[in-house]
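The values are calculated or read from the model by the stated rules, or taken from the named source; none is laboratory data. Note that the structure is a prediction, hence the values are computed from the model and not measured. Neighbour counts run over all protein chains shown; Cβ positions are idealised from the backbone, glycine included.
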Amino acid sequence: MFDTEKINELISLYVIPWSINIVTALLIFIIGRIVISILIGILGKVMGRTKLDSILIEFTQTIAKVLLLIFVIVAALDQLGVNTTSLIAVLGAAGLAIGLALQGSLQNFAAGFLLLVLRPFKAGDYVEAAGTAGMVEKISIFSTILRTPDNKEVTVPNGSIYSDNIVNYSARDTRRVDMVFGISYGDDLKKAKEVMMAALTSDERVLEDPAPNVAVSALADSSVNFIVRPWVKTEDYWPVYWDMTEKIKVELEANGMSIPFPQRDLHIFNEKA
């Protein structure tokens with residue numbers, strides 16, 4: 001025969017309290033998940049109204065979700081009587097060990113976070129950073145993908161980018177094209193300047209403001225050098241550079257001027273014995 005009194009005592013001492021604790025822990029976990037989803041949704045909407053990158057918004061939501069979920073799990077375990085103080089200490093030690101093991105990755109992560117917040121460049125910009133240059137294809141939290149002019153894909157760690165100088169060639173609407181042309185010492189300087197300026201002003205891509213500049217820059221060993229500096233829209237930089245290099249050479253030669261190149265005179269002496 002079962003001892004009814006002992007069974008009732010066991011039920012009252014263990015079964016009922018544990019049942020209540022388990023149900024309460026499950027309610028904490030379920031309700032916590034629902035609240036987390038609501039809070040993450042609100043966070044996404046608030047951040048979506050800003051100019052922050054979508055990658056940064058998604059990443060922030062993920063981090064917030066993980067942290068809140070850990071808090072809910074700890075609260076549920078505490079309801080079950082688990083020593084959460086020791087658990088938190090273990091998680092902290094594990095986090096420290098993981099952090100030391102992934103020090104390089106954490107550096108890239110921090111740099112990626114700053115790149116997404118400060119936005120020194122965006123997708124589509126042509127940049128020079130970390131010893132390479134190319135168009136930005138994608139910015140992720142750990143690395144940035146660049147596409148070089150010869151269509152190579154380069155994955156650059158964000159830590160390397162942020163620790164180096166970043167040159168963004170697409171940041172401004174206009175750029176100055178810097179070119180140098182040399183003419184012979186016997187050529188007419190004034191006429192050469194007029195020919196170069198006429199070549200610049202005849203091109204619709206050359207901006208009137210700021211005005212293009214043509215000036216003598218150096219009296220070199222073999223030539224008189226001119227600096228030729230038109231301002232253009234950023235997307236027209238290379239087309240204008242290439243076209244002007246050809247056009248100015250052709251125009252100078254058509255007007256009787258030559259572009260000299262370094263030469264040496266060789267004198268041979270024939271000594272008789």
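Within segment 61-81, the only residue that satisfies the criterion of being of a type outside the set (A, V, I, L, M), more than 25 Å from Ile20 (Cβ to Cβ) and in contact (Cβ under 8 Å) with a residue 24 or more places away in the chain is Lys65.
Here the condition is being touching an Asp or Glu at 6+ places or on another chain (Cβ under 7 Å) and under 30 Å from Leu118 (Cα atoms); of Lys152, Lys138, Lys233, it holds for Lys233 alone.
Rundown of residues vs (1) surrounded by fewer than 15 Cβ atoms within 10 Å (Cβ to Cβ); (2) hydrophobic (A, V, I, L, M, F, W, C); (3) within 30 Å of Met135 (Cβ to Cβ), yes/no style:
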| residue | (1), (2), (3) |
| --- | --- |
| Lys191 | yes, no, no |
| Leu200 | no, yes, yes |
| Glu208 | yes, no, yes |
| Pro212 | no, no, yes |
| Ser222 | yes, no, no |
| Val228 | no, yes, yes |
| Glu235 | yes, no, yes |
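Any idea which residue in segment 168-215 is farthest from Ile259 (Cα to Cα), counting only those that are of a type in the set (A, V, I, L, M, F, W, C), free of Cβ contacts under 8 Å to residues at least 60 places away in the same chain and assigned to a loop (DSSP other than H, G, I, E, B)? Only one residue fits best here, namely Ala171. When segment 99-158 is filtered for residues that are modelled with pLDDT of 90 or more, of a type in the set (S, T, N, Q) and either surrounded by fewer than 17 Cβ atoms within 10 Å (Cβ to Cβ) or assigned by TED's automatic domain parsing to the domain that holds Glu58 (or both), the ones remaining, listed by number, are Thr132, Thr148, Asn151, Thr155. For Ala123, the criteria (1) part of a strand (DSSP E or B); (2) closer than 17 Å to Ile57 by Cα hold in every case but one, which is (1).
Residues in segment 216-248 that are more than 25 Å from Asp173 (Cβ to Cβ) and assigned to a strand (DSSP E or B): Val216, Ser217, Ala218, Leu219, Val224, Asn225, Phe226.
Tyr126 meets the conditions (1) without any contact (Cβ under 8 Å) to a residue 12 or more places away in the chain; (2) under 21 Å from Val240 (Cβ atoms); (3) of a type outside the set (Gly, Ala, Ser) in every case but one. The failed one is (1). Every test in (1) aliphatic (A, V, I, L, M); (2) surrounded by 16 or more Cβ atoms within 10 Å (Cβ to Cβ); (3) out of contact with any helix residue (DSSP H, G or I) (no Cβ under 6 Å at 6 or more places or on another chain) is passed by Ile30 save one, and that test is (2).
With respect to (1) among the polar types (S, T, N, Q); (2) surrounded by fewer than 17 Cβ atoms within 10 Å (Cβ to Cβ); (3) more than 12 Å from the chain's Cα centre (by Cα), the lone exception for Asn165 is condition (3).
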